[in-house]
Amino acid sequence: MCKDKLPGTPKKALPGPNKQDAKYSCVPACVREGIQEITGTNLSEKAVRGQIDKSDGNPSHDWNTTGEDPKNTIPVLNNNGVNATAISPTDIASNLANGPVMTTINDNDGTGNTHEELVQSDSTDKSGVTTFSAYDPSSGGVSTFTQSQINTTYSPLALSKK
């Protein structure tokens, strides 16, 4: 599902975020950062991956070869004090006031791979183009992307305090 290559250019490091531990662990890395941002609880990515593996019944999941559908992490987020709601990609900006939004974007390298990022903010220019700024787990920093890069196969997850 996700690839270890950045879809955008990192701008600066965020305070606290870490890089993903495995090639395809962008989803659990975003879950970890979402839990930390919403509740203040600092779990290791390994602990989050273990919770996801238990929740979806796949204890032998190899995070270096296979990613995860973000919707499968809703029980893990809920169990850790975070409301997670699937939303339309067009509703990302309107949900940011309540917390970050886990969003799947298309890698722009022609491979068809996707990558999970945790949107923190947005801005709209004079021509109406919205740019999102997100925590990128492959770099541990910030990337930016536009609505056209969002993958519509996977619903974004709006995160908020329970």
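All of the numbers you see were taken from the coordinates with simple rules; none came from a lab. All values derive from a computational prediction rather than experimental measurement. Note that we place each Cβ from the backbone using ideal geometry, even for glycine, and neighbour counts take in every protein chain shown.
Only Cα sites of segment 53-129 enter the Debye sum here, all with the same form factor; the resulting log10 I(q)/I(0) across q = 0.11, 0.18 1/Å is -0.39, -0.93, listed in q order. Largest mean-square fluctuation among 59, 75, 89, in a Gaussian network model of the chain whose springs join Cα atoms under 10 Å apart, belongs to 59. Inter-label distance, residue 124 to residue 60: 5.0 nm, where each label sits 7 Å from its Cα along the C-beta direction. Listed values for segment 39-48 are Karplus-derived 3J(HN,Hα) couplings in whole Hz (6.51 cos²θ - 1.76 cosθ + 1.60, θ = phi - 60°), namely 10, x, 7, 9, 8, 6, 4, 4, 5, 5, and x replaces Gly and Pro. Note on the chain: along the principal axes its Cα atoms extend 48, 36, 29 Å, ordered by decreasing extent.
Using a simple spin-label model with pseudo-atoms 7 Å out from Cα toward Cβ, residue 111 and residue 72 lie 1.9 nm apart.
Given a Förster radius of 25 Å and the C-beta distance between residue 93 and residue 162 as r, what FRET efficiency does 1/(1 + (r/R0)^6) yield to the nearest 0.05? Mind dumping the intermediate values first?
On the way: r = 23 Å, r/R0 = 0.90.
In this case the efficiency is close to 0.65.
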